[in-house]
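Visitor: Dumping the structure here so I can ask a few things about it.
Every number in this text was worked out from the coordinates using simple rules, so none of it is lab data. These numbers come from a predicted model, not from an experiment. Cβ atoms come from the backbone with ideal geometry, glycine included; neighbour counts cover every protein chain shown.
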Amino acid sequence: MKRVALTMLVFGLSLLTQMAQADWSPVKRLTWNPGESCFPAIAVDSSKAIHLVWEDDTPGNVEIFYKKSTDGGTTWSVTKRLTSTPEGSYAPAMAIDSNDAIHVVWGDYTSVMSDIYYTSSADGGANWSPVKILTNTSTWSGTAAIAVLPDDSIHVVWEESLPGNIDIYYLRSTDSGASWSAVRRLTWTSGYSRDPAIGASQAIHVVWTDNTPGNSEVYYKKSTDGGTTWSVIKRLTWTSGDSYAAAIAGDAGDTVHIVWKDQALGNAEVYYKKSTDGGTTWSVIKRLTWTSGDSYAPALARDSNDILRLVWHDSTPGNYEIYYKSGPEGGTAWSASQRVTWTLGESAWPAMAIDSDNNIHIVWQDDTSGNKEIYYRKGN
């Protein structure tokens, strides 16, 4: 019996390891610019077209650019410039609704301070709506995140320095971005609430980092009525280091997954927890990386088979490279890590989307060429 049990254990570990080893396409370079192409965001529509936005300072100041692929990442359209501002547009985020309309938000310094701006495309990226300013304050607004509910309402969160410290704010649109609600403040703390991430299923789930305890910890709140009312804030981490850069993924029901990086052990590692009752209670923390370097910038997605997909960048090789692992059975177990890039430069800040065939599409920035460019790889 012991031999049988040992055999089954070895088989299970072998199977789990194999699950990590996604088959990856060759790396494809998507930009060739004299400036810096950075911080990509990616989304896939119902026809499996892949949409990409990023910031680029080739025009002399930072602007937002866009391109797409309609053949699974094999070929890509020419680059389209989405912003033309006198100051700078940065850090785009993107979501796609059930009608395949593309919604993009970003920070922009055109006004006195940074504000949040928005544009959309209803025809697959061919044409874009006039740019709309969503915030108009005398202080800094930035680091926006966006999500779309099944009813196609659009929900945006960002960090705002209006009260003298930094807190999280929110607004929504129920008419495809034509009009927007009044701004709602979600946090009131003595510390800094920063780096919000948002996920939408039947509810709206928001996570962020706050340093009120003295170090940075991850916090959470939700709305079950489309953003009209919000739950009390729930603290999700208690560590001796800084917990931040949280990412979130949900399913069509009540399960919510989050990952983040934590420096309690001296170097940054990626951790995970989930809730199966819509954020009311949460699992114990699970550590996902054990490296001699720093594991940063986790991005998380869930496929239709309830397998979680995770990418991040890690400095263990001596420079930053992109890594991947999977969490079958809704994150109950996690596979071994798989290295995705081997470069002479820094491969960093990955973003990821999953299509309806459960193919994995990742983009990141890499400076091997001498300046930062956007690269792409597909996994299945």
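Visitor: Report the Cα centroid-to-centroid distance between the stretch 56-95 and the stretch 142-171 in angstrom, as an integer.
Guide: 21
Visitor: Find the centroid of the Cα atoms in the stretch 111-130 and in the stretch 220-268, then give the distance between the two in whole Å.
Guide: The stretch 111-130 and the stretch 220-268 have Cα centres spaced 28 Å from each other.
Visitor: Can you divide the C-alpha Rg of the stretch 282-374 by 2.2 N^0.38 Å and report the result to two decimal places? Please list the in-between numbers first.
Guide: Details: Rg = 13.8 Å, N = 93, 2.2 N^0.38 = 12.3 Å.
The value comes to 1.12.
Visitor: Okay, next question. Give the whole-number value, in cubic angstrom per residue, of the convex hull volume spanned by the C-alpha atoms of the chain.
Guide: Details: hull volume 54.1 nm³, N = 380.
Each residue corresponds to 142 Å³ of Cα convex hull volume.
Visitor: So, one more: Fewest Cβ neighbours within 10 Å first, please rank W238, W312 accordingly. Write down the numbers at each step before the final one.
Guide: Working: W238 12, W312 30.
Lowest to highest Cβ neighbour count: W238, W312.
Visitor: In whole Å, largest first, what are the principal axis extents of the Cα atoms in the stretch 221-380?
Guide: 48, 41, 31
Visitor: Could you put I64, I96 in order, starting from the residue whose Cβ has the fewest other Cβ atoms within 10 Å? Don't skip to the answer; put the middle values down first.
Guide: Working: I64 29, I96 20.
So the ranking, lowest neighbour count to highest, is I96, I64.
Visitor: When the chain is treated as a GNM, springs tying every alpha-carbon pair under 10 Å, which of W54, W140, W290 comes out with the largest mean-square fluctuation?
Guide: Its mean-square fluctuation being the largest, the pick is W290.
Visitor: Three principal axis extents, largest first, for the C-alpha atoms of the stretch 340-380, in Å?
Guide: 36, 14, 12
Visitor: OK, next. If you take the square roots of the eigenvalues of the alpha-carbon gyration tensor of the stretch 88-147 and sort them as a ≥ b ≥ c, do you get rounded (a/c under 1.5), prolate (a/b over b/c) or oblate? Show your work: numbers first, answer last.
Guide: Details: a/c = 2.75, a/b = 2.05, b/c = 1.34.
Taking the square roots of the gyration eigenvalues as a ≥ b ≥ c, the stretch 88-147 is prolate.
Visitor: For the residue pair R184 and W342, what label-to-label distance in nm results when each label sits 7 Å from Cα along the Cα-to-beta-carbon direction?
Guide: Between R184 and W342, the label points sit 5.0 nm apart.
Visitor: Semi-axes, largest first, in whole Å: what does sqrt of 5 times each Cα gyration tensor eigenvalue give for the stretch 44-170?
Guide: Each semi-axis is √(5λ); the values are 26, 18, 11 Å.
Visitor: Counting other beta carbons within 10 Å of each residue's own, what order do D262, D151 fall into, fewest first? Intermediate values should be presented prior to the final figure.
Guide: Values: D262 25, D151 11.
Lowest to highest Cβ neighbour count: D151, D262.
Visitor: What pairs from K28/K325; K28/K80; K132/K261; K67/K132; K80/K378; K234/K372 go past 30 Å between their alpha carbons?
Guide: K132/K261; K234/K372
Visitor: Let me check I have the definition right: for the stretch 185-245, take the eigenvalues of the Cα gyration tensor, multiply each by 5, take square roots. What are those semi-axes in whole Å, largest first?
Guide: Details: eigenvalues 96, 27, 15 Å².
Sorted largest first and rounded, they come to 22, 12, 9 Å.
Visitor: Starting at the first residue of the stretch 181-188, write each ³J(HN,Hα) from the Karplus equation 6.51 cos²θ - 1.76 cosθ + 1.60 with θ = phi - 60°, in whole Hz, x for Gly and Pro.
Guide: Working through the residues one at a time gives 5, 5, 5, 10, 8, 9, 10, 9 Hz.
Visitor: Build a GNM of the chain with springs between Cα atoms under 10 Å: which of G214, G35, G327 gets the top mean-square fluctuation?
Guide: Fluctuation is largest for G214.
Visitor: With runs of 4+ DSSP H residues as the only contributors, calculate the mean residue ellipticity of the chain at 222 nm using -39,500 (n - 2.57) per run, divided by the residue total and rounded to the nearest 500.
Guide: Numbers: 2 runs with 23 residues, N = 380.
Per the formula, -2000 deg cm²/dmol.
Visitor: T228 to R29: extension gain in nm, 0.36 nm per residue of separation minus the Cα-Cα distance?
Guide: Details: separation 199, 0.36 × 199 = 71.64 nm, distance 4.27 nm.
Taking 0.36 nm per residue and subtracting the Cα distance, the gain is 67.4 nm.
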